[in-house]
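Let me begin by presenting the structure, written as structure tokens, before commenting on it.
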Amino acid sequence: MLRPLLYLTRAELTAYLRERGIAYREDATNRENVYARNKIRNLLLPQAREINAQAVRHLAEAAEEFAEVSAYMQEQARAAAHRCARPVPDKINISEEKGESGTPDDGFSESAGSKGKRTVSGFAVDIEKFLAEPRALRGFILRELLSELSPSMRDITAAHIRAVSDLFSAQSGKSVRLPYGLTARRDFGEITLKEIGADELSASGKAEAEKDSPLSLRVYPVGDAPFTWENVPEKRYTKFFDYDTIKKPPVLRTRRSGDFFWVKTQGGAHKKSLKKYMIEAKLPAAERDALPLLADDSHILWAVGLRISEACKLTAETKTVLEAVWRNA
């Protein structure tokens, strides 16, 4: 993606347009201090300019320097990953595959950030070799390995990297669940980073539902869905969610204080409390405490039989689908 105007400030852009009589449009939500980016733009940066008129320019210069350092660290991490990790072959590709160069496929994409045909379902990290690498590089190594296994690094946070790092000093058998259906497990002498198959996710992965639960959960690539995001089936007791928008393992429960939906309005999406929604939906008070909810912490993904949150609906960007079926209907 090219952003040729990124180096210009908002004031410079608007001044240029006004001088030349060029009309422009502004997204109305830019002035709403709901999103973090707007709070930074509208609240934090003006205060920073009061302290130092060149604060924004200094921040931009620092960001460029950090980007250069990060690129160097990623390059070093990639080399280190080859030294301390070995690929776990994909179940579909048991035989040794060769790339265009005629050499065996090592499980890594050709360059950092590129995603070619992957032939592994995980990596086994040698604990002794990993701990021999510089401490400052270790987090980058884990990110490099996880980036090879996940469709995006957006939801893999510093907290996830720390949790995996802690496994290197943990007892054998300890494990950590990660976004995108990944897991990290401490075994004898190794940490295994791998995908959990869709058939395992309902019991062991991000989508948690007990076998005797009235809720059935299934996770699969969007390409396996028998429909497109534009014509998702409208079924009362079967719902489809963008799996990658879900932050924590969804659980089935009843309502709690602080529960909310994301709802769509003319001005964009905003939060609405579950209590307010129930009142507006004229749900009898006697039924409110017993209503089953599929929840991501306080974010209600689905009020079973009623509605789902706008924040987790399928879009053109969806890569993985979570299908939920209420079996007691």
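Given R₀ = 25 Å, what would the calculated FRET efficiency be for Ser298 paired with Asn38, taking r from the Cβ atoms and rounding to 0.05? Intermediate values should be presented prior to the final figure.
Numbers: r = 22 Å, r/R0 = 0.87.
Here the calculated transfer efficiency is 0.70.
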task: Would you mind computing, in nm to one decimal, how far apart the modelled labels at Glu234 and Ile51 are, each placed 7 Å from Cα along Cα→Cβ?
output: 5.2
- prompt: Could you put Lys319, Lys239 in order, starting from the residue whose Cβ has the fewest other Cβ atoms within 10 Å?
  reply: Lys319, Lys239
message: Order 65-74, 282-291 from most to least packed using the mean count of other Cβ atoms within 10 Å.
response: 65-74, 282-291
- prompt: Looking at this model, which pairs from Lys194/Lys275; Lys174/Lys276; Lys248/Lys282 are more than 32 angstrom apart at the alpha-carbon?
  reply: Lys194/Lys275; Lys174/Lys276
- request: Answer with one residue from Ile246, Leu322, Phe261: the one whose Cα lies farthest towards the positive end of the charge dipole of region 204-326, charges on Cβ with Lys, Arg +1 and Asp, Glu -1.
  value: Phe261
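Relative to the present Cα-Cα distance, how much length would full extension add between Asn30 and Tyr7 at 0.36 nm per residue of separation? Provide the component values of the computation, followed by the final result.
Values: separation 23, 0.36 × 23 = 8.28 nm, distance 1.89 nm.
Computed gain between Asn30 and Tyr7 is 6.4 nm.
Sort region 263-326 into rounded, prolate or oblate with this rule: let a ≥ b ≥ c be the square roots of the eigenvalues of the Cα gyration tensor; rounded if a/c is under 1.5, and if a/c is not under 1.5, prolate when a/b is larger than b/c, oblate otherwise. Before the final figure, lay out each step's value.
Values: a/c = 2.43, a/b = 1.38, b/c = 1.77.
Cα axes put region 263-326 in the oblate bin.
Using only the Cα atoms of region 204-326, build the gyration tensor, take square roots of its eigenvalues as a ≥ b ≥ c, and label the shape rounded, prolate or oblate: rounded if a/c is under 1.5, else prolate if a/b is larger than b/c, else oblate.
On the way: a/c = 1.74, a/b = 1.27, b/c = 1.37.
Since a/c reaches 1.5 but b/c is at least a/b, the shape of region 204-326 is classed as oblate.
Bear in mind these aren't lab numbers, they're just calculated from the coordinates by the rules spelled out. All values derive from a computational prediction rather than experimental measurement. Here Cβ is always computed from backbone atoms with ideal geometry, including for glycine, and neighbour counts include all displayed protein chains.
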